[in-house]
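The values are calculated or read from the model by the stated rules, or taken from the named source; none is laboratory data. Values in this document were obtained by computation on a predicted structure and should not be read as measured data. Note: ideal-geometry Cβ built from the backbone for every residue, glycine included; neighbour counts use all protein chains shown.
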Amino acid sequence: MLSKPAQKKLALYFSAMIFLHGYVLWQARRSIPEGLPDFSGSYTAGQILRDGHGSQLYDDVLQESIQRSFSAKAIEKRRTILPYIHLPYEALLYAPLAHFSYLTAYAIWLTVNLALLSSIPFLLRKTLNRLGQAPLYLWLLACFAFFPIFSALIQGQDSILLLFLYCATWRSLERGSELASGAWLALGLYKYQLVVPLVLAFRRRKKLIAGFLSVAAILGFVSLAITGWHSLLGYPRYLWRTEHDLKYGFNTLPGLIANLRGLVSGVVPKAHTEIEIGLTAVFSAIVLLMMMYAAGKVSAAGSGRLQPLFALTLVGTVLVSYHLYVHDLSVLFLAMILVLEMLLSGPPIPQTTKTVLLVCIALLYCSPLYLVLTLRYNQLRLMAIVLLVFFVGLLSLINSLRAQTGGTVSPPASAGR
């Protein structure tokens, strides 16, 4: 358990970060009623479904006409719309909100996100021996002090929902309910780039894959019913266009992509898109293979020590995701919690590995760093270097644990069993 002095220091630090977030919110307060937050795209999708035009969900002309009705000034500032780029089934969440004004719908969705965020400590605490004993107020402060979570709240994004689904996945997996964990994962397919890599890493867990594929199939049929064959088959082409067409330049800023793609784009000249895509694919494949290798070694040892493995796959998934912005880093909250639990309660860990992991967590939890990299230099992609070091540190942690147990990884004691 964290000592009282440590709790006070953490509470003070988290409060300082939250105060900074409040200042940022105050400076950006006028952007919300103008429709600049990402929620505009989701609200637009909800209106399209409400009006019975699901087959036109990815029609730019229709999306623009709707967005101009409530955020014309935002379109002028961006010089483009905020296209809806997620799978059709997610738009069902926003259809009821389309019956309200934009600001009211935004407030309702913010309330939903706050409720989901507040439930995360209750999902996780019973699965953690040491951090689970930390007071609830410290958990809540930690949630709101993480800049990507703050960004997701203000943008009206669905990243907090994905974090919640990952926490539910972890709790089910830790309890041995692999079928349920796969089902929870599948619900997050609206951001498939942040789900599929982890599923591939856990491919040997047959029950997890069965749960995932079952729910994914249902969601596929729901999406088909919403848009029809023509629009659904055209979705990959539309998605690729929104990523690479200069028309959507405001929505695809390489400097703000904190993953391997962002790093590669900072080295390869803009004129050589093919080289950028090729290098991104190669480096992503290497990271994915490392994830699969680590997952295979832990699976071979039975239940295995899931905490560092799950954290590793989360960090690796973020690195290889093709589309990612600061709010998508919210899922790293779970990875950092699992790593800290290991450092506090696990077996002896090499000091170098421990230091590397703690430094990475400290950097990821430093809100001023995000603000400098995004607002001052437009270079959030540099955060991917921290993620790469974090990933290597987790690989080292898993290898050291295997070495201590003679090539196997012993199962951890669980507060939830």
Open item on the list: Looking at the structure I just gave you, is Leu12 assigned to a helix (DSSP H, G or I), surrounded by fewer than 13 Cβ atoms within 10 Å (Cβ to Cβ) and either aliphatic (A, V, I, L, M) or modelled with pLDDT under 95 (or both)?
Closed with: yes
Open item on the list: Checking Leu387 against (1) on the phi > 0 side of the Ramachandran plot; (2) modelled with pLDDT of 95 or more, only one condition comes out false. Which one?
Closed with: (1)
Open item on the list: Can you go through Leu103, Leu82 and tell me which one is in contact with an Asp or Glu (Cβ under 7 Å, 6 or more places away or on another chain) and either assigned to a loop (DSSP other than H, G, I, E, B) or loosely packed, with under 15 Cβ neighbours inside 10 Å (or both)?
Closed with: Leu82
Task: Those residues of the stretch 55-79 which are surrounded by 20 or more Cβ atoms within 10 Å (Cβ to Cβ) and either closer than 30 Å to Ala217 by Cα or within 25 Å of the chain's Cα centre (by Cα) (or both), in sequence order - done: Leu57, Tyr58, Gln63
Open item on the list: I'd like to check which helices (runs of 4 or more DSSP H) are fully inside the stretch 143-202 and have at least 1 residues that are among the hydroxyl-bearing types (Ser, Thr, Tyr).
Closed with: 147-155, 159-174, 178-187
Task: Number of the exception - Gln157 against (1) in contact with a Phe, Trp or Tyr (Cβ under 8 Å, 6 or more places away or on another chain); (2) surrounded by fewer than 23 Cβ atoms within 10 Å (Cβ to Cβ); (3) closer than 25 Å to Gly54 by Cα - done: (2)
Task: Matching residues, the stretch 71-91, being at pLDDT 95 or above and of a type in the set (A, V, I, L, M, F, W, C) - done: Leu87, Ala91
Open item on the list: Being within 14 Å of Gln155 (Cβ to Cβ) and surrounded by fewer than 14 Cβ atoms within 10 Å (Cβ to Cβ) is the filter here; which residues of the stretch 108-122 pass it?
Closed with: none
Task: Near pairs, Cβ below 6 angstrom, 6+ apart or cross-chain, from the stretch 255-280 (more than 17 Å from Trp240 (Cβ to Cβ)) to any residue that is β-branched (Val, Ile, Thr) and in a loop (DSSP other than H, G, I, E, B) - done: Ile275/Val268
TODO: Considering every residue within the stretch 327-345, establish whether at least one is surrounded by 16 or more Cβ atoms within 10 Å (Cβ to Cβ) and not in a helix (DSSP H, G or I).
DONE: no
TODO: Filter the stretch 197-214 for residues that are out of contact with any Phe, Trp or Tyr (no Cβ under 6 Å at 6 or more places or on another chain) and either surrounded by 18 or more Cβ atoms within 10 Å (Cβ to Cβ) or in contact (Cβ under 8 Å) with a residue 60 or more places away in the chain (or both) and give the result.
DONE: Pro197, Leu198, Leu200, Ala201, Phe202, Arg203, Arg204, Arg205, Ile209, Gly211, Phe212
- [ ] Please determine, by comparing only the residues of the stretch 354-378 that are at pLDDT 95 or above and part of a loop (DSSP other than H, G, I, E, B), which one is nearest to the chain's Cα centre (by Cα).
- [x] Tyr365
Open item on the list: I need the full set of residues from the stretch 91-121 which are closer than 26 Å to Leu140 by Cα, small (Gly, Ala, Ser) and more than 18 Å from the chain's Cα centre (by Cα), in order please.
Closed with: Ala105, Ala107
Open item on the list: Can you find, within the stretch 334-353, the residue that is modelled with the lowest pLDDT among those that are over 21 Å from the mean Cα position of the chain (by Cα) and closer than 29 Å to Ser119 by Cα?
Closed with: Gly346
